[in-house]
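This report concerns only the one structure given below.
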Amino acid sequence: MPEYSPSSLIAALLSGGKARLSPAFAFGLLLLAIVPPGLATAQEKKAPVDRIRAEDRDYWFFKPLTDPRVPAVKDAGGWARNEIDQFILGKLEPKGIAPAPAADARTLIRRAYFDLTGLPPSHEEIQAFSKAYAANPDGAVADLIDDLLESPQYGERWGRIWLDLVRYGESNGYKADEYRPHMWRYRDWVIRSLNADMPYDQFVRWQLAGDEIAPDNPEALTATGYLRLWPYESNQRNAPSQWNIILEDITDITGSVLMGVSIGCAKCHDHKFDPIPRDDYFRMQAFFTGVYPHDTMATTPAERAAYDAQQAKWETATAEIRAEMDRMLEKPRQSAAAGQVKQFSPELQALYHKPEAERTPLDLQIRMLIQRQVDISEAKADSKLKDETKKRYTELQEKLKSFDNLKPKPVNEIYAIRDIRPDIPPARILDEPERQFRPGFLTILDPGDASLPKPAERPKDSSGARTTFANWVTRADNPLSTRVIANRLWHYHFGIGIVESANDFGKQGYLPTHPELLDWLARRLPAEGWSLKAMHRLIMNSSTWRQASVTEPGAAAEENDPDNHLLWRQRVRRLEAEQLRDATLASSRELDPKMGGEGVTGEDTKRRAIYQRLMKNPRTLFLNTFDGPDGFNSCSRRDVTTIAPQALMMLNNGFLTQRARQIASLAAAEKDDAGAIDKAFALTLGRQPTGEEESQARDFLAIIREEIAKPATPPAAAPKPEPKVKTTAFKGFPETSFTGGQAVNIQPDSLYEKIEIRDLPRPEGDTFTVEAVLNLDSLYPDASVRTIASRWNNSGDLSVDSYGWSLGITSEKSKYQPANLIVQITGQDTAGNPRYEVVASDLRIPKQTPYYVAAVVEVGAGKDGGTVTFHARNLADPKATTQTVVVPHSFTGPVSLPERRLFLGGRDAPHHLFDGAIARFRLSNRALETKELLIGEQPATDALVDANFTQPALTEKLVRAEPEAGAKVASKPADPRLNSLLDLSLALLNSNEFLYID
Amino acid sequence: MKLSHFERPRSRRDFLARAGAGFGSVALTDLLFRQGALGAKATTNAIGNLPHHGKGKAKSVIFLFMEGGPSHLDSFDPKPLLNKLAGQPLPASFNRPLTAMGEQESPLLGDKRVWKQFGQAGTWVSDWLPHTQTIVDDICVIRSCKQDGLNHVGSVCQMNTGSILAGRPSLGAWSVYGLGTENENLPSFVVLKDSDAMPFNGTRNWGTGFMPSTYQGTLFRFGDEPVADLNNPAGVSRARQRKRIDFINQLNRAHAAPRPRQSDLEARIASFELAYRMQAEIPLAVNLDEEPQYIKDLYGVDGEKTDAVARNCLLARRLVERGVRFVEVFCGTGSKWDAHSGIEKNHTDRFAETDQPVAALIKDLKQRGLLDETLVIWGGEFGRTPMSEKGDGRDHNPWGFTMWMAGGGVKGGQVLGATDELGLYAVEEPQHVHDLHATVLHALGLDALELVYMNNGTEENPVINQGRPYLKVFG
């Protein structure tokens, strides 16, 4: 095999070449990239510092920051407002290119809003600004920028940018993708800190080492959540490899985010293109090898003391109960733990069982990964209890619960980081454990080992290694990190950075278009006390930022810089996924401005997108469709793809239809079409329509009204698949005495969301019995109801039209407590008026347990209301008895309507779906006595519907209902005006003017 | 070299935007320029002037993914020694692997199959696959596959994306990136699954990782709306949707007029038209009622066990027929092949569900002349161990397992590679997932190492610099 000599090959490829991605260069990369890593070791025998060639030392990025002079420019037109403009002109003038004129007021305010808040300005704000701008352009712009920088939405926009970079997510990733319920506190910390204009160096230092720098400050501790964003696989048995992946993840991300180098490339061999010897990867990793996850509370010492005191009270009060429970669990726990540990390799088992005194810091870290799995097994140990012990244990659980009022609520739970011990392990190459590395900076900048703080200079439990790195990376003269952040600021105000590849300033990235300006900005930030807001002011008050983006290029621009690298005009940008979602909600005036808190689930939320729960898989609708970051890689620039699924979503998805409908109803309040059209334009585009647009819009309204008036023809969709109901074996209850052993599986978002029972126009009347055998899979995280069966449209109106009943189970946030078996009724009350009531049994139906449930609904007569008699029995427990409660209600008259359809697992309306299996359903048109129930001694035989999902004849009446996926909103044919305005509003939301920022 | 199809875009960004609109091929253009600049010859073939690196015959790929890991020891890789040693521990001469469930010392589990040889090559196939027995002359069995993952998460991820860690583009995405599409009215990468369950890792199996979402797979769902938001909202007729789009176009054209350089505005206008066409085309493509009864019977449509897989296999054929580049068919979605215990019952059911439809797919492609240009791959994320688990099951075996390929230039009637005497480790010509991926791409005429995408300053390729195509597969 020929001698491998990367340097000569690179030199040959690069001679005279620029680092832009030429084809020849790219091919060269390819040749190099396929050389197996092992071959590089001969080279690696040399000291790292000797492996950096002279020409690499000359690469601009690794050289000290220059102190460029602001260029003298002719500026005949008096265009320049500040130094930035002089730097820009300095490049344009020699090429004979003139900068573009300033954008108009509406464009400027829209650009400023999206740049600083991620939201569009309202029509009123645009009008006010335009007026101020006409009187005093500079003053108006300066005031606008000040106002926006002070608005709390600033932190939400720039927080999102930071979250992109650190690949923020609220779950573990991998298959299980467990939710991390406290991760959002880091997100809120980012937003809060940016709003407070925390100096950027402190912002970074706290994220890297807040626990060491300000150990008593809960904010600093929260900041270390940055080091907790790694993916984690909760059942990975190869603990050392997983730990290695975690350390690599921290190293790679920090290299990209703070230093602008693709240091990950030096993991397996010397960096092929940049002067980064392989050693540097591990020298840098060695700053982080001490990390240890620290799940704690971000509290002041006083808060903590109060919590501890209260906790102690609870512990004292419950000591006996818990001691007894512990005794009962001792053996099952031991065997669960032993079983779990045995799943690891013999080496790891040995590590786990090592005596405490012998454990090295690395042992402790790896043991922690094993222990997490052991903990999960131990937590399930109570399921092993049997018979009497189990009964006693359940009693004790109940007893323990009765002390819950004593138990303090955790305060500000966070995921933080601390060092495992002050003697942190060296960094190691996993399969070459003999090679170990002490902390050190990039060799090209500082070849020696980093000097870590002496014990007196650091907290006693910590190494100070991360603080050392944090101090270095936030030095005002650090040529890497200062340029990287200066470039990011530029990037988000101009669409592209001075260095286009914002996470890679190395040779594979792009060269800076304005190197002097970049260095000038990189020096300016620390000179401004690291105030990001000062930098926004500087950039946005420049003439460069204020330029129009839509402009005819002059001949010189066309000739010398057709791609606008030199910024002779502003750049048009497309809204990012979150901006688009927020902007549609802002247009319909529905945006909920509430800040902070746990991420909200559900696509329907009116909160800003940054507050949507962000699982690594699956992603939210907008993030998934409009190039959201993937949460695994640092995202320094959003992709901008234009694909048909985006058009489908924007035209057809229920979220958009809802917003358009809301805009339409605001517009419809105007007295005529002209007014309505004006209103729709004002809400969406923040301006009045032109005369031509007005007339086009009128024509469009007329066309749509004509379409709506046409008789409906079924859409040319594929012939519908057989709506047969599918059944599977009913789990957890082998008896087939009254289930038949089969069940329908009902699952939201699937084809089997709910099942319609056809051709039954209310034969059950107003006194009836509903029975079901079911196994519930999950509750909603909110207050929605898992509907078992219903005849109800759940419209929320109190009128005769909304009469109906529903048997269901409450969810997590219900005010009737979760898992409560309830009947909801809208019907006629004792006074003869329509009334809505929740009749709650307080019988709890646990998840994943086969259960029999029944509700006997009886309406009253005259002045007396009626009752619902609930029955429930746990079928998994052969000894369980039937629980029965009678709950009064105030209905005397009809409690449903014949036109409402009867559904299993849902309602005659969207949402409130069941999730799980139903193995039997029976509906009788009278109040069954207890003995006549399915579980009674003499079951009734005269039911209206009795389905156990094994008899084919019966299933013909059962029809799979249309899935609600995307919650399609039906247009009401009755209102052509509203619907045509809906279409107009939807079209405006789909306009490029809405989607792009000039 | 003159290629009238591809006018060099003004800038890379312009091109990205333009290509995105029509599911075009960015890699292709990059490759063209690269090769042009290097003076290499770009060959063209009949498939719309695409330059092929190799001699690939395949235009499309159908990946039949048996999720959970089918046992090679009970299907394609008989081991007489296994039955001889059944009940005993793994002989000392074998390296103890770290098994997923930790039962390294459990006794070997014999197989209960009746084995016979079929076809020209005498390919061994067990009695669990009576239909596959009839197509062995069209398939190339590779008995020496291996991969790095040990559990499902890592292994399914690697079989789909090349890496056991999330964040990389899937093989389908790379294929589309490399070759673009042939039917603008359909997604170029379609994913089908046989139940409401999601496979391990969910949508990431057909995601694009660091590449733009243009190349991602589109999951077709059962039922009336095969693609998310494909149908108009209730009450909106196709005519009304047309009028809506016309009006949007009117607004967007007026907006684009003073912005002639902003090509993504044009792309967006085109994307609405494409969406509108997809709304018409996809329901037709998925309409299996167009198929004659004898074809449905061939696949086992409406069969008690075969129905779901049969529909997907038939749909896969209809899709490649219409120019879809990559179809991934998950069978046993949600890891249903994962027979840690009771493998007899489990695999009896799984093969009963898949054997007939899979064999029908090969026959049907062949009788239509589509097999030559369609590469079909069968396999799971790994195989299963010769050691038993929980008495009557088998654990994960990523060290040696079987996959097969057919069509797209593959020489059928072959059995390549081998595992050791107990089927634990691949020993002859081991084929890592990277090699398998390189082989698939080779069949498509793409060189896995030259198919490059720039990400954060790193040149990425589908095989992480490692795979080599297994050329013997092609004879």
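No lab work stands behind these numbers, since they all come straight from the coordinates. Everything numeric in this text was worked out from a predicted model, so none of it was measured. Please note: Cβ atoms are built from the backbone with ideal geometry, for glycine as well, and neighbour counts cover all protein chains shown.
So which of A:Lys391/A:Lys731; A:Lys533/A:Lys813; A:Lys606/B:Lys193; B:Lys84/B:Lys390 end up more than 29 Å apart by C-alpha? Provide the component values of the computation, followed by the final result.
Working: A:Lys391/A:Lys731 24 Å; A:Lys533/A:Lys813 40 Å; A:Lys606/B:Lys193 33 Å; B:Lys84/B:Lys390 20 Å.
In this structure, A:Lys533/A:Lys813; A:Lys606/B:Lys193 exceed 29 Å between Cα atoms.
Estimate the FRET efficiency between B:Leu81 and A:Lys45 by the formula 1/(1 + (r/R0)^6), using the beta-carbon distance for r and 51 Å for R0, to the nearest 0.05.
Numbers: r = 46 Å, r/R0 = 0.90.
So, using R0 = 51 Å, E works out to roughly 0.65.
Run the reach check for A:Lys74 against aspartates and glutamates, Cα to Cα strictly under 15 Å, same-chain hits fewer than 8 apart removed. What comes back?
A:Glu83, A:Asp85, A:Glu93
Using 0.36 nm per residue of separation minus the Cα-Cα distance, give me the extension gain between A:Glu55 and A:Ala669 in nm, one decimal.
Numbers: separation 614, 0.36 × 614 = 221.04 nm, distance 7.06 nm.
My answer for the length gained is 214.0 nm.
Sketch the reach of a paramagnetic label on A:His565 as a point 7 Å from Cα along Cα-to-Cβ, and name the residues of region A:500-537 whose backbone nitrogen lies under 18 Å away.
Once the point is set 7 Å along Cα→Cβ of A:His565, A:500-519 turn out to lie under 18 Å by backbone N, inside region A:500-537.
Could you check the simple spin-label distance between A:Ala350 and A:Asp375, using points 7 Å along Cα→Cβ, in nm with one decimal?
Once both label points are built, they end up 2.7 nm from each other.
Can you pull the one-decimal nm distance between simple spin-label points at A:Asp699 and A:Ala880, each 7 Å off the Cα toward Cβ?
6.7
DSSP beta bridges in chain B, what fraction antiparallel, as a percent rounded to 5? Please list the in-between numbers first.
Values: 24 of 48 bridges.
Antiparallel bridges: around 50 percent, rounded to the nearest 5.
Pairing the Cα long axis of helix A:200-213 with the longest principal axis of chain A, what angle in degrees results, from 0 to 90 and rounded to the nearest 10?
70
Pull out a ≥ b ≥ c, the square roots of the eigenvalues of the alpha-carbon gyration tensor of the protein assembly as shown, then state rounded if a/c is under 1.5, prolate if not and a/b is larger than b/c, and oblate in the remaining case.
Working: a/c = 1.32, a/b = 1.16, b/c = 1.14.
Taking the square roots of the gyration eigenvalues as a ≥ b ≥ c, the protein assembly as shown is rounded.
By the gyration tensor of its Cα atoms, with a ≥ b ≥ c the square roots of the eigenvalues, what is the shape of region A:405-533: rounded for a/c under 1.5, prolate for a/b over b/c, or oblate? If you can, show how the numbers build up before the last one.
Working: a/c = 2.04, a/b = 1.37, b/c = 1.49.
Cα axes put region A:405-533 in the oblate bin.
Could you run the Karplus curve 6.51 cos²θ - 1.76 cosθ + 1.60 with θ = phi - 60° over region A:93-108 and give me ³J(HN,Hα) per residue in whole Hz, x for Gly and Pro?
So the J values, rounded to whole Hz, are 4, x, 8, x, 9, 9, x, 6, x, 5, 5, 6, 4, 4, 4, 5.
What length, rounded to one decimal in nm, is gained on full extension from A:Ser234 through to A:Lys460, with 0.36 nm per residue of separation minus their alpha-carbon distance?
Numbers: separation 226, 0.36 × 226 = 81.36 nm, distance 3.14 nm.
Contour length minus the Cα-Cα distance gives 78.2 nm.
Taking DSSP loops as anything outside H, G, I, E and B, show the longest stretch in chain B free of GluC sites (Glu not before Pro) there with at most 12 other beta carbons within 10 Å. Write out the running numbers ahead of the final one.
On the way: sites that count: B:Glu7, B:Glu105, B:Glu304.
Formally, the longest exposed-site-free interval is B:106-303.
Is any residue of region A:871-902 close enough, with backbone N under 16 Å, to a label point placed 7 angstrom from the Cα of A:Tyr816 along the Cα-Cβ axis, and if so, which?
A:871-872, A:884-891
Once both labels are modelled 7 Å past Cα along the beta-carbon direction, what's the A:Asp431-A:Arg475 spacing in nm?
For the pair A:Asp431/A:Arg475, the computed spacing is 3.6 nm.
Do you know the relative contact order of chain A, to the nearest whole percent, from alpha carbon pairs under 8 angstrom that are 6+ apart?
Values: 1833 pairs, mean separation 130.2, N = 998.
It rounds to 13 percent for chain A.
Treating the angle as unsigned and between 0 and 90°, give the value, to the nearest 10°, between the Cα long axis of helix A:387-401 and the longest Cα principal axis of chain A.
70
Tell me which aspartates and glutamates have Cα within less than 14 Å of A:Lys815's Cα, excluding those fewer than 8 residues away on the same chain?
Reachable aspartates and glutamates: A:Asp782, A:Glu837, A:Asp842.
What full-extension length gain, to one decimal in nm, is calculated for A:Lys606 and A:Lys74 as 0.36 nm per residue of separation minus the Cα-Cα distance?
Values: separation 532, 0.36 × 532 = 191.52 nm, distance 5.15 nm.
Taking A:Lys606 through A:Lys74 to full extension adds about 186.4 nm, to one decimal.
Using bins 10 angstrom wide from zero, how does P(r) for chain B break down, in % of all Cα pairs?
For chain B, the binned pair fractions read 4, 20, 30, 25, 13, 6, 2, 0, 0 percent.
If you keep only loop residues by DSSP, which trypsin sites (Lys or Arg not before Pro) in region A:840-907 have at most 12 other Cβ atoms within 10 Å of their Cβ?
Numbers: sites: A:Arg844, A:Lys847, A:Lys863, A:Arg873, A:Lys879, A:Arg900, A:Arg901, A:Arg907; in loops: A:Lys847, A:Lys863, A:Lys879, A:Arg900, A:Arg901.
The qualifying sites are A:Lys863, A:Lys879.
When each pair of different Cα atoms in region B:229-279 is counted once in the 1/r mean, what is the Kirkwood radius in angstroms, to one decimal?
On the way: mean 1/r = 0.0850 Å⁻¹.
This gives a value of 11.8 Å.
So what are the ³J(HN,Hα) numbers for region A:499-506, from phi and the Karplus equation (6.51, -1.76, 1.60; θ = phi - 60°), rounded to whole Hz, Gly and Pro as x?
For region A:499-506, the Karplus-derived couplings read 9, 5, 8, 5, 9, 9, 9, x Hz, x marking Gly and Pro.
Using only the alpha-carbon atoms, how far is helix A:577-587 inclined from the longest principal axis of chain A? Give it as 0 to 90 degrees, nearest 10.
Approximately 60 degrees, to the nearest ten.
Taking the alpha-carbon centroid of each part, what is the distance from region A:598-664 to region B:195-221 in angstrom?
For region A:598-664 versus region B:195-221, the Cα centre distance is 16 Å.
Suppose R0 equals 35 Å. What FRET efficiency, 1/(1 + (r/R0)^6) with r the Cβ-Cβ distance, do A:Lys384 and A:Ala357 give to the nearest 0.05? Show your work: numbers first, answer last.
Values: r = 33 Å, r/R0 = 0.93.
Computed FRET efficiency for A:Lys384 and A:Ala357: 0.60.
Which FRET efficiency value, to the nearest 0.05, is calculated for A:Asp308 and A:Ser737 with the Förster distance at 60 angstrom and r the Cβ-Cβ distance?
Values: r = 54 Å, r/R0 = 0.91.
The computed FRET efficiency comes out at 0.65.
Helix-only mean residue ellipticity at 222 nm, the protein assembly as shown, DSSP H runs n ≥ 4 weighted -39,500 (n - 2.57), per residue, nearest 500. What is it? Could you put the intermediate results ahead of the total?
Working: 44 runs with 528 residues, N = 1473.
That comes out to -11000 deg cm²/dmol.
Taking each pair of distinct Cα atoms in region A:302-410 once, what is the resulting Kirkwood hydrodynamic radius in Å?
Numbers: mean 1/r = 0.0614 Å⁻¹.
About 16.3 Å, per the Kirkwood formula over Cα pairs.
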